[in-house]
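Heads up: the structure comes next, in structure tokens.
The values are calculated or read from the model by the stated rules, or taken from the named source; none is laboratory data. Predicted model, so just to flag it, every value in this text is computed and none were measured. For neighbour counting, all protein chains shown are included, and Cβ atoms are generated from backbone atoms with ideal geometry for every residue, glycine included.
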Amino acid sequence: IPLTKVKLINELNERETDLGVKESVSWHSEYKDSAWIFVGGFPYELTEGDLICVFSQYGEIVNINLVRDKKTGKSKGFCFVCYEDQRSTILAVDNFNGIKIKGRTIRVDHVKDYRPPKDSEDIDDITKRLREDGCAPKAPPSSSSSEEDELFHVPVKKPKKEKKKKKKEKKEKKKAEKEKKNRAASSSSSPPAVRVKQEKEDAAYDKYNQRDRGQQDGQGERRGNREEEEERRRKREEEERRRKREEEERRRRDDRRETERDKDDRRRTSDRDEDRRRERHRDDRR
């Protein structure tokens, strides 16, 4: 929806420029009584100071309300800006709507009846001062002191990346200083001689070592016996398999011989029967 609104505003401005519409009839005239504009879609890391730097190109900014999360205090990506001159809002809407800031397209539009939010207990002192007095520059009197300047000064939050860089630089400086001190101390004073205690020979250690060796030897013998038993078992299994195969082969051979004998007997009996038939046939002819 925000992108469609951006396109609609740009299309309205293009139509008015093509038709040559006067300011009194323009759609901007509907918001002639309001000097507030809405800005949305910008990156979350932008602060009030960054937004003032960008939007002060077309007029003096007198107040800004960057909407933040109440719990975390992080920006929600939209704000309301108030100009000193209402005509600056027209320039801001026409020129800033649809531009990209750090890769994000922003939407800038008029606000007709804007009511600044009421102060609550969660709001810090800086935000309260901004909402009450605004952020327009104030000409300090000639007798102003440095303390008054500090009161009207609005601090700008630095981005997290700069803070991290500064922390890293501080850590590196501390490390370098420590290294320098250590080198200076080592070069100035020679290191003290270190005495090494000689260990006494313990007779019980030898006994314990011999006992461990005996246990290891016993374990090795047990492992050797287990391996031999496994090999014997494997050989027995192989012999049994071989015997079974030989028995099966013998049975098959015996079966084949029996079948061959049966075939021979049948052939013989069939031959005898044929011979008898022939003889009978001959006798009958005679």
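Just to verify a result, which residue in region 1-55, among those that are assigned to a helix (DSSP H, G or I) and modelled with pLDDT of 90 or more, is surrounded by the most Cβ atoms within 10 Å (Cβ to Cβ)? Outline the logic, then answer.
Start the filter on region 1-55 by keeping residues that are assigned to a helix (DSSP H, G or I), which leaves 2-19, 27-31, 48-55.
Checking which are modelled with pLDDT of 90 or more leaves us with 48-55.
Working: E48: 22, G49: 15, D50: 17, L51: 19, I52: 15, C53: 13, V54: 18, F55: 20.
Within region 1-55, the match that is surrounded by the most Cβ atoms within 10 Å (Cβ to Cβ) is E48.
Across region 75-88, which residue is nearest to D113 (Cα to Cα) among those that are over 42 Å from the mean Cα position of the chain (by Cα) and of a type in the set (S, T, Y)?
Step one: of region 75-88, the residues over 42 Å from the mean Cα position of the chain (by Cα) are 83-88.
Imposing the further condition that a residue be of a type in the set (S, T, Y) reduces the set to 83, 88.
Working: Y83: 15, S88: 17 Å.
For region 75-88, the residue satisfying everything is Y83.
Test of understanding: among I99, I9, I61, which residue is more than 27 Å from E162 (Cα to Cα) and either touching a Cys at 6+ places or on another chain (Cβ under 7 Å) or of a type in the set (A, V, I, L, M) (or both)?
Testing whether each residue is more than 27 Å from E162 (Cα to Cα) and either touching a Cys at 6+ places or on another chain (Cβ under 7 Å) or of a type in the set (A, V, I, L, M) (or both) leaves just I9.
Find all pairs meeting these conditions: Cβ atoms under 9 angstrom apart; at least six residues apart or on different chains; first residue within region 62-74 and exposed (fewer than 11 other Cβ atoms within 10 Å of the Cβ); second residue aliphatic (A, V, I, L, M).
K70/I123
Taking I9, is it out of contact with any Phe, Trp or Tyr (no Cβ under 8 Å at 6 or more places or on another chain), more than 18 Å from R107 (Cβ to Cβ) and assigned by TED's automatic domain parsing to the domain that holds K76?
No.
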